[in-house]
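Below: the structure, in structure tokens.
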Amino acid sequence: MARRRQLYEGKAKILFEGPEPGTLVQYFKDDATAFNAQKKGVITGKGVLNNRISEFLMLRLGEIGVPTHFVRRLNMREQLIREVEIIPLEVVVRNVAAGSLSTRLGIPEGTRLPRSIIEYYYKNDGLNDPMVAEEHITAFGWATPPDMDDIVSLTLRVNDFLSGLFLGVGITLVDFKLEFGRLWEEDEMRIVLADEISPDNCRLWDSKTNEKMDKDRFRRDLGKVEEAYQEVAKRLGILPEAGMRDMKGPEIMQ
Ligand code: 5GP
């Protein structure tokens, strides 16, 4: 098979040049990091499951009219995506207090928030992804006011839709992180959802027991990490065809 040009390697994914101009191949690794890569590990089968879960959620969001970078899944670990200009923001939505919100404001984990809260973080590992206000974002030109209007309305739609979808399978969507990009078509620019949506960047709790079913199991050494990711896929009805036999999936080609 032809060798492909690697464009970028992140903590959990690799981006390769795509088969046609304007496309990329997004490869999902089993590598897991936390606390800005101070903690590192491997969650066997995570890449296969996240590829599947993210495909499923991006497709469902596409069906309700949320534009995304997703084109199609190629194999167990890879998906074809549109090349976008990534906006350097992590957009976090919270429905229930947890994680850094609880630490920062002293609100006990599990407290239902009076309304959904959107926060912005500047995507910069060197600075530890600092929290920023919309003022910083527009003043420094990371996004324009109209871009922010699109980002907020898309984020709220994604939150409403995913909260309902997960609740339907007995999971509370506590919080999650989104990334957006600019997609250029001719001279027109659209803001689209990018990156991935998976237990790596969502907090997902069992609705009955509040058991954690996401990356916090790795971050906090709670054990049964693989099982939690599998359970999310199972509840969504999308465990890979091969079941758990083939979780290692094809080896990466470079
Ligand atoms: P917190 O700010 O509480 O650490 O995270 C809030 C939510 O955003 C969690 O669901 C967490 O998984 C997600 N999140 C925040 N920053 C990152 C990040 O740098 N990487 C990933 N994968 N998720 C993040």
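Using 0.36 nm per residue and subtracting the Cα-Cα separation, the extra length available between residue 186 and residue 124 on full extension is 19.3 nm.
Quick check: with the 1.4 Å probe, what order do 76, 58, 131 take by accessible area, largest first?
Values: 76 35, 58 5, 131 90 Å².
Of 76, 58, 131, the descending order of accessible area is 131, 76, 58.
Pairs spanning more than 25 Å between alpha-carbon atoms, out of 46/177; 11/208; 29/208: 11/208; 29/208.
Using a Förster radius of 30 Å, what is the FRET efficiency between residue 234 and residue 75 based on their Cβ-Cβ separation? Nearest 0.05, please. Present the calculation step by step, with values, prior to reporting the outcome.
Details: r = 21 Å, r/R0 = 0.69.
With a Förster radius of 30 Å, E is 0.90.
Per residue, the accessible area of the chain comes to 49 Å², computed with a 1.4 Å probe over protein heavy atoms only.
Computed on the range 49-203, with alpha-carbon pairs under 8 angstrom and 6+ residues apart, the relative contact order is 29 percent.
Ordering 156, 198, 91 by the projection of their Cα atoms onto the charge dipole of the chain, which places +1 on the Cβ of Lys and Arg and -1 on the Cβ of Asp and Glu, puts 198 at the extreme positive end. Of the whole protein surface, residue 221 contributes about 120 Å² of accessible area at a 1.4 Å probe radius.
With a 1.4 Å probe and every protein chain kept in, tell me what percent of the accessible surface of the chain is carbon plus sulfur. Before the final figure, lay out the partial values.
Details: 6380 of 12390 Å².
Answer for the chain is 51 percent, counting heavy atoms of protein chains only.
Would you kindly calculate the translational diffusion coefficient of the range 1-124, applying Stokes-Einstein with the Kirkwood radius from alpha carbon pairs, for 4 °C and a viscosity of 1.567 mPa s, and quote it in µm² s⁻¹ without decimals? Calculated translational D: 77 µm²/s. Let me check against my output: what whole-number percent is the relative contact order of the range 118-231, with C-alpha pairs under 8 Å and at least 6 apart? Value for the range 118-231: 15 percent. Given the options 143, 32, 133, state which has the largest fluctuation in a GNM of the chain using a 10 Å cut-off (strictly under) for Cα springs. Comparing 143, 32, 133 in a Gaussian network model of the chain, the most mobile one is 133.
Per DSSP helix of 4 or more residues, -39500 (n - 2.57); summed, then divided by the residues of the chain. What does that give at 222 nm, rounded to the nearest 500? Intermediate values should be presented prior to the final figure.
Details: 6 runs with 70 residues, N = 254.
The per-residue figure over the chain is -8500 deg cm²/dmol.
The values are calculated or read from the model by the stated rules, or taken from the named source; none is laboratory data. Keep in mind the model is a prediction, meaning the values are calculated, not measured. No Cβ is skipped: glycine too gets one built from the backbone with ideal geometry, and neighbour counts run over all protein chains shown. These accessible areas exclude ligands, DNA and RNA; they are computed on the full protein's heavy atoms, side chains included. Shrake-Rupley method; radii C 1.70, N 1.55, O 1.52, S 1.80 Å.
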